[in-house]
Structures are given as structure tokens and as C-alpha cells.
Amino acid sequence: MLYTDTRDKNAAVSLEEAVMSGMNEKTGGLYVPVQIPVLSEEFRTASAEPSFRNIAYEMASLYTDGDVERSALEKIIQEAYPFMPKLTQLNPDTFCLELFHGPTCAFKDFGARFMARLMEYFNKKNYKPLNILVATSGDTGSAVGSAFSGLEGLTVSILYPKGKISPLQEKQLSTFTGNVRSFRVDGTFDDCQALVKKAFTDVELRSKLRLSSANSINISRLLPQSFYYMYSSLVAKSRFGKNAPIIMSVPSGNFGNLMSGFIARKMGAPIRGFVIATNANRTVPDWISTGKYTPRKSVPTLANAMDVGNPSNFERMSDMYSLEEVRDFAASYWISDEGILRAIRECYERTGYIIDPHGACAYKAWSDLIGGGMKKLLKGEKRRAEEEGLSGNIPEWGKEAAEKKCVGIVLETAHPAKFESVVKEALSTAAPMPERLLEVMTKKEHVTDIPNDYSAFKELLFSTLS
Ligand SMILES: *Cc1c(COP(=O)(O)O)cnc(C)c1O
């Protein structure tokens, strides 16, 4: 399979180049597959509830054909996914897709673990290590650190801002050993990101060290996320009946997760449409409402892993689809912080399920849509983009959803115990801590404090990496 780029359709690179370089440095564009392959009808209908790893292997083999040997791919899938996504039913028209059963309790484990093993495979030909630099304000750093931990020929350097993340997040980021190390920067997340960006453009540094990034623009993080869309839509279809349209409600920040859903749909997943759910960072819902894409500064919210004002994957979305097409198969919705707290409460009261602040955005979007929101739009009620709630477009499945003929799958992207203080603010109860989070709290920290100063950071890279 070849990969082209969002800015230059003449570009055609191998999977290896797309994965190892992350983005096309010449054009600044993002890699996309030349064409999206379809998973055979035969495979999709062979078993009522196919296994997650079988689906992952079949889908991945379409993208890695000619680039990764079959036996190696099988090993990559087995080792990346000792855990599974889990579909639970909340009420007659809503499923919750739990994506937090991986080691760091967030959905980013699905993408990061596949990417790490693919990079390890491609890097075997090199005698020099590949050094991943990642700036993080939370989930990305821990998923990437955990995914690369112990892999051969790869190192990870994590930069995070001092005093700006929760104690649990800090434990998750600072207790790695071996090939993963962390740096606590006396500055903000933006400062961390600026240090990393500067390192990537530093000619002297790059002449001595092989550097790469691991953020969600890398195509090898997006493709594996499509596995759980295929899996959950096939399982929901078999449990709910063949004809109910399936709508996926996706809490979105950088829009990597949503793009993976779009890819799965093109690959033949029985997904009729999507609900795009954001917090107050409503750049994309505004685009759907007004037709204008206006990137802005991010604002802090209670669903902080989605605090993105200029989503990096928007470029892929607008490359794959026109605005009209997106309006036709996706509804969109944004929600304020008070709305998030209300949503956590409502979900618990109505279903007994404790949902995290990110999943809460998607839950509320879906329950409002079928609970009267879409009906109002169909009656001709106008909505303003500044009002929280649904955007004004009516997708082609809108009428069926208003008549409660659809099944919604709400993506739960993190374990609620990771966001204990928000959940406690909304409910008088908290979610029980999973064993693996309790364990990380007892680990010893190995972290180097660094000033917000590029030359000091560069010195450190020279002295710790090869
Ligand atoms: C990263 C993250 C998101 C947003 O995912 P995108 O792919 O950036 O849209 C949502 N929820 C959680 C818990 C996350 O960590």
C-alpha cells in the first residue's frame, strides 16, 4: 500500500517512510492511504461476533501488505493487544464502547501500541536507535511511554510541564525506566512543545541523532483505531438486529479518533453516521454550523484531553470529505463545562454508569439528539452556533434517529477514575480505581527537572541519547 499526502497528490511513499517520518516535511502535509481498502463482505459476515484481534489482523494486513511480513504482523497485533475494547449496553438505544482497558486507561493505548511495534519492526534495519520526542499535557505521554517501554532500538523522551498536571497523571509520566525517560519542564505545555519543535528543526542535533515524533498526525496511530470501530459496529449489529442504523458518538479534540471512524466506515464497517462531540473548543462544530473554519486558541475545560483549538487532523478530514458530505453523515454538538457535569450526573442517574468527562460529551450529544434535539431541528427550529448543543444540520439519518430507530455507540475514551476530581464534583461517588492505576501510584519517580531553556535541553539530549 502506498501513502500520499494531503497537500500533494503526486506524493507516494511507502508505509515505512510514512510511519518513520510522521509527516511530509517537504510539503507540511499529512499522509493518507492512496486508497482505502474494503474489508471483505465475507470476513465481515463470517461470524456473528468476530474476535477483536482477528479483525485487527485482517484490517492491518490490508495496510501493511508488501511492507510487513505476515508472521511479523501477527506478532505485532498479539503483543499490541493483550486487552480488548468492551461494548456494554446502557439502555435500549445506547451502547458504551469502553476503550480504557489498556495499560494507561485511555484509548490512546490502541494507537500508540501498534505504532510503537511497527516502528520497532521498521527500525530493525538500522544500527542507530530512533529517538522519539514527545511533549504532553497528559494522556499522550503516558500512552506513548508505556507503548515503547522495553522495545528494542527505540528511546522515548517525554516533556511535561511542572505543576500543570494531576498527581496521577504525573505518576504515570514520571515512573518509567530503561528506554523511556521524562523531563519536567519549568514552564507550560506550549513551552514543552516549543522545545520539541526546536529540536526537530535543529540541523546539528539531527545530524547526530535520529529523531521522530509520536503524535496523532502519524498515520500508524490512526489506522489501528479503526479496528475498534469495525469490531464494535459488527458486534452491535449482531446484538441489536441487522437493520438498525448504527451511529457512533465520538468525543473529539485533535480529531484523530474521529478520522479513524471515517476510515472504518469506508472499509465497510456498518456505521451509518457519526455524532461529533466537543467541549467548549468548538472549532469543528462551528465549521459545520457556519461553513467557516476558524482555528483559535484552546480554552481549558473539564474534558482537558480535548482542549484543542486547531485540531491537527482537520486537514485529513477536509481532504477526505467535503463540508456537505460531512453534514450529510455527521451531526455535531458542543458542550460547556456545566453541561459536562450535568451529563455525568444524568448518565449516572439514568443508567447507573459512571462516565468520564470526555465520554460524557459524547453521551450527552447522543442522548440529547435522540431525546428531542433532532426532532426540533426537523420541525424547523433554528439554532445559533454560540448556543451549546446540536449544530443546525440534519444528517440523512436524522429522521430515523428522532424516531428512535437508530442504535448509538458512545465512545468512552478514558477510565473515569483517571478524572476522579471531576467525577466527584458531579456525583457524590467516585469510580473505583483499577488495579493498574493503584499500582502506578506506588512506583518510584525517575524524572529530571529542566529549565525552559533550549540549550540546556539540547545538552541533555546529547548526553543521554546516541
Ligand atoms: C486524546 C483524547 C481524546 C481526543 O481524541 P482525539 O483523537 O484527539 O480527537 C478524547 N478523550 C481522551 C480521554 C483522550 O485522551
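Evaluation of ALA18 against the conditions (1) out of contact with any Ser or Thr (no Cβ under 6 Å at 6 or more places or on another chain); (2) crowded, with 20+ Cβ neighbours inside 10 Å; (3) farther than 28 Å from ARG206 by Cα; (4) among the hydrophobic types (A, V, I, L, M, F, W, C) shows that the sole unmet condition is (3). Contact map, region 133-157: residues that are touching a residue at least 60 places away in the same chain (Cβ under 8 Å) and closer than 22 Å to LYS197 by Cβ paired with residues that are within 12 Å of the ligand (Cβ to nearest atom) and not in a helix (DSSP H, G or I), Cβ distance under 6 Å, separation 6+ or inter-chain. Pairs shown: ASP139/ALA106. With respect to being surrounded by 18 or more Cβ atoms within 10 Å (Cβ to Cβ) and out of contact with any Pro (no Cβ under 6 Å at 6 or more places or on another chain), ARG70 falls outside the description. Identification of helices (runs of 4 or more DSSP H) wholly contained in region 351-466 with 1 or more residues that are surrounded by fewer than 20 Cβ atoms within 10 Å (Cβ to Cβ) and not small (Gly, Ala, Ser) yields 374-378, 398-402, 420-426, 435-441, 454-464. The criterion of being out of contact with any helix residue (DSSP H, G or I) (no Cβ under 9 Å at 6 or more places or on another chain) and away from the ligand (no atom under 16 Å from the Cβ) does not hold for ASN131. When restricted to residues that are in a loop (DSSP other than H, G, I, E, B), of a type in the set (A, V, I, L, M) and at pLDDT below 95, region 305-341 contains 1. Would you be able to say whether some residue in region 90-97 is within 21 Å of PHE457 (Cβ to Cβ), surrounded by 18 or more Cβ atoms within 10 Å (Cβ to Cβ) and within 16 Å of the ligand (Cβ to nearest atom)? No.
Selection of region 333-379 for residues being aromatic (Phe, Trp, Tyr) and farther than 21 Å from GLY392 by Cα yields TYR348, TYR353. Please tell me if PHE110 is under 26 Å from SER260 (Cβ atoms), within 16 Å of the ligand (Cβ to nearest atom) and modelled with pLDDT under 95. Judged against the criteria, PHE110 is not a match.
Only a single item in (1) of a type outside the set (A, V, I, L, M); (2) within 22 Å of THR88 (Cβ to Cβ); (3) within 16 Å of the ligand (Cβ to nearest atom) is not met by PRO311, and it is number (2).
Restricted to region 299-343, and to residues there that are charged (D, E, K, R) and touching a residue at least 12 places away in the same chain (Cβ under 8 Å), the residue that is nearest to ILE276 (Cα to Cα) is ARG327. With respect to (1) buried (at least 19 other Cβ atoms within 10 Å of the Cβ); (2) modelled with pLDDT of 95 or more; (3) away from the ligand (no atom under 16 Å from the Cβ), the lone exception for GLY29 is condition (2).
Scanning region 280-304 for residues that are within 16 Å of the ligand (Cβ to nearest atom), surrounded by 19 or more Cβ atoms within 10 Å (Cβ to Cβ) and either assigned to a loop (DSSP other than H, G, I, E, B) or hydroxyl-bearing (Ser, Thr, Tyr) (or both) yields ALA280, ASN281, ARG282, THR283, SER298, THR301, LEU302, ALA303. Taking the listed residues SER220, SER146, SER174, SER207, the one that is of a type in the set (Gly, Ala, Ser), within 27 Å of SER466 (Cβ to Cβ) and surrounded by fewer than 19 Cβ atoms within 10 Å (Cβ to Cβ) is SER207, with no other qualifying. Please determine whether any residue of region 290-304 is within 22 Å of VAL134 (Cα to Cα), at pLDDT below 95 and of a type in the set (Lys, Arg). Yes, that holds for at least one residue.
The values are calculated or read from the model by the stated rules, or taken from the named source; none is laboratory data. Keep in mind the model is a prediction, meaning the values are calculated, not measured. Backbone-built Cβ (ideal geometry, glycine too); neighbour counts: all protein chains shown.
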